[in-house]
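Visitor: Just passing along the structure, written as structure tokens.
The values are calculated or read from the model by the stated rules, or taken from the named source; none is laboratory data. Just so we're clear, the structure is a prediction, and the values are computed from it rather than from any experiment. A quick note on method: Cβ atoms are made from the backbone with ideal geometry, for glycine too, and the neighbour counts reach across all protein chains shown. These area figures cover heavy atoms from the full protein model, side chains too; ligands, DNA and RNA do not enter into them. Shrake-Rupley method; radii C 1.70, N 1.55, O 1.52, S 1.80 Å.
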Amino acid sequence: YASTMRRALVNVPVRQLRLLTVLWPMPPIRQLWRSKPHRYISHLLGHESEGSLLSLLKGRGWVDSLCAGESVSASDFAMFEVQMALSEEGDGKVDEILLELFAAVNMLRALPPARWVFEECSSLAEMGFRYKEQDEPMDAANS
């Protein structure tokens, strides 16, 4: 099954755009709404601290930004996405970038969950909720 999922799609852009997107299929995560394990992974992959994947790739001049997280959540499957905005130099280093990404993912798989990550994610979510701008009522309506 895993061998049929490995695909590389290369698009020829109509404008100057350098994005590298990697998607992984996952089991459904809706029932995990309390623990949100995918947020733990996205938090660490997108972290900007020294020693992080983003710090390493930025330091080499290969990426300008990295965003990671759930991109699709259906009742029977989910997708996890890592999207990176590449620099001009990074555009020629896609294989090396992918090696670093998979090394980071494998490192996360090998390590037990760290309490500080959960607490940091929890604090960020609480601040986001507490200081969220008020939405327009119309934005919450469904037709």
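Visitor: For segment 107-141, name all the residues that are under 18 Å from the mean Cα position of the chain (by Cα) and acidic (Asp, Glu).
Guide: Glu120
Visitor: Looking at Leu86, Leu66, Leu101, Leu56, can you tell me which residue is among the aliphatic types (A, V, I, L, M), touching a residue at least 40 places away in the same chain (Cβ under 8 Å) and under 21 Å from Pro25 (Cβ atoms)?
Guide: Sole residue among the options that is among the aliphatic types (A, V, I, L, M), touching a residue at least 40 places away in the same chain (Cβ under 8 Å) and under 21 Å from Pro25 (Cβ atoms): Leu101.
Visitor: Okay, moving on. So is Ala125 within 28 Å of Gly61 (Cα to Cα) and not acidic (Asp, Glu) or not?
Guide: No, not satisfied.
Visitor: Quick check on Gly59: is it closer than 17 Å to Asn106 by Cβ, modelled with pLDDT of 75 or more and exposed (fewer than 12 other Cβ atoms within 10 Å of the Cβ)?
Guide: No: the conditions fail for Gly59.
Visitor: Could you list, in sequence order, all residues of segment 16-51 that are in contact (Cβ under 8 Å) with a residue 24 or more places away in the chain and more than 14 Å from Met79 (Cα to Cα)?
Guide: Arg18, Leu19, Leu20, Tyr40, His43, Leu44, Leu45 - these are the residues of segment 16-51 that are in contact (Cβ under 8 Å) with a residue 24 or more places away in the chain and more than 14 Å from Met79 (Cα to Cα).
Visitor: Given the conditions (1) open to solvent by less than 50 Å² (accessible area, probe 1.4 Å); (2) closer than 14 Å to Leu19 by Cβ; (3) without any contact (Cβ under 8 Å) to a residue 40 or more places away in the chain, report the number of the one that Gly128 does not fulfil.
Guide: Result: Gly128 passes all but (2).
Visitor: Any residue at all in segment 91-103 that is farther than 27 Å from Lys36 by Cα and open to solvent by 80 Å² or more (accessible area, probe 1.4 Å)?
Guide: Yes, because at least one residue in segment 91-103 is farther than 27 Å from Lys36 by Cα and open to solvent by 80 Å² or more (accessible area, probe 1.4 Å).
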